[in-house]
Amino acid sequence: MFNCSIYIPSSIAAFGPNSPRINTPDDCVLQPSTAYGIGKVYSELLGTYYFQRFGVDFRSIRYPGAISANPPGGGTTDYAIEIFYEILKSGHYNCFLDKDTMLPMMYMDDLLRGTCELIDTPASYLSRRVYNIAAISFTPAELVKSISKFHPNFTMSYNPDYR
């Protein structure tokens, strides 16, 4: 109707404690427990509404944690980057997650490629407006086990917090 397009990134923060944790479908229960996650769900729903009501070509991807060489920005999945900075700085990392907390991650270049592919896809090929994107999931304990092969003196403590 208005011949416009909008892309709004979303996040795994849109999920909540009742969302499936393995092979999470695009359509599932979304009951986030943070204001950030609630805002993401709001954006997804509003964009879908504008698509249905006004024909706005809305698209969104729920991003997992992004893995890159850049310094972390403070999100829940940033421990997976921050830990490498701490190896070089002090040899110890104080993790704010439980050792068995499994979170999805994706290499930044793959995340960007997936985003560009969604944006470039003709609208007639899309079956929905919001998609999950996935690559790999691991726990802090699994990451430490891998790091220890190269840095055997590295240590990590676990002090789970609100994240």
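What are the ³J(HN,Hα) couplings of the stretch 117-129, residue after residue, when phi is run through the Karplus curve with 6.51, -1.76, 1.60 and θ = phi - 60°? Round to Hz, x for glycine and proline.
After applying 6.51 cos²θ - 1.76 cosθ + 1.60, I find 5, 5, 4, 7, 6, x, 4, 5, 8, 8, 9, 7, 10 Hz.
With runs of 4+ DSSP H residues as the only contributors, calculate the mean residue ellipticity of the chain at 222 nm using -39,500 (n - 2.57) per run, divided by the residue total and rounded to the nearest 500. Can you show the working numbers first?
On the way: 4 runs with 53 residues, N = 163.
Value at 222 nm, helices only, nearest 500: -10500 deg cm²/dmol.
Nearest 5 percent is fine: what portion of the DSSP beta bridges confined to the chain is antiparallel?
15
With point charges of +1 on the Cβ of Lys and Arg and -1 on the Cβ of Asp and Glu, referenced to the Cα centre of the stretch 57-153, which listed residue (Ser60, Phe96, Asn70) lies farthest in the positive direction of the dipole?
About the Cα centre, the residue reaching furthest to the positive side is Ser60.
Would you mind checking which residues have amide H under 5 Å from Ser11's amide H? H placed 1.01 Å from N; only 5 or more apart, or other chain.
Here Tyr63 satisfy the definition.
Hey, what did the stretch 97-148 get for relative contact order, percent, Cα under 8 Å, at least 6 apart?
Working: 33 pairs, mean separation 34.4, N = 52.
The normalised contact order for the stretch 97-148 reaches 66 percent.
Run the numbers on the chain and let me know its relative contact order in percent, using alpha-carbon pairs under 8 Å that are six or more apart.
It rounds to 25 percent for the chain.
Using a 10 angstrom cutoff on alpha carbons, build the Gaussian network for the chain and name the most mobile of Leu103, Leu46, Leu118.
Leu46
I'd like the distance between the alpha-carbon centres of the stretch 67-136 and the stretch 5-46, rounded to an integer number of Å.
The stretch 67-136 and the stretch 5-46 have Cα centres spaced 15 Å from each other.
List, largest first, the extents of the alpha carbons of the stretch 59-156 along their principal axes, each in whole Å.
54, 24, 23
Taking the Cα centre of the chain as origin, sum charge times position over the Cβ atoms of Lys and Arg (+1) and Asp and Glu (-1), and report the length of that vector in debye to the nearest 20.
Computed charge dipole of the chain: roughly 140 debye.
Chymotrypsin sites (Phe, Trp or Tyr not before Pro) within the stretch 65-163: which are DSSP loop residues with at most 15 other Cβ atoms inside 10 Å?
Hits after loop and neighbour filter: Phe150, Tyr162.
So who's got an amide H within less than 5 Å of the one on Met105, skipping anything under 5 residues away but keeping other chains? H placed 1.01 Å off N, in plane.
Gly65, Ala135, Ile136, Ser137, Phe138
Computed from the coordinates by the stated procedures, all read-outs in this text should not be read as laboratory data. On a predicted model such as this, the values are computed, not experimentally measured, just so you know. As a convention, Cβ positions derive from the backbone with ideal geometry for all residues, glycine included, and neighbour counts pool all protein chains shown.
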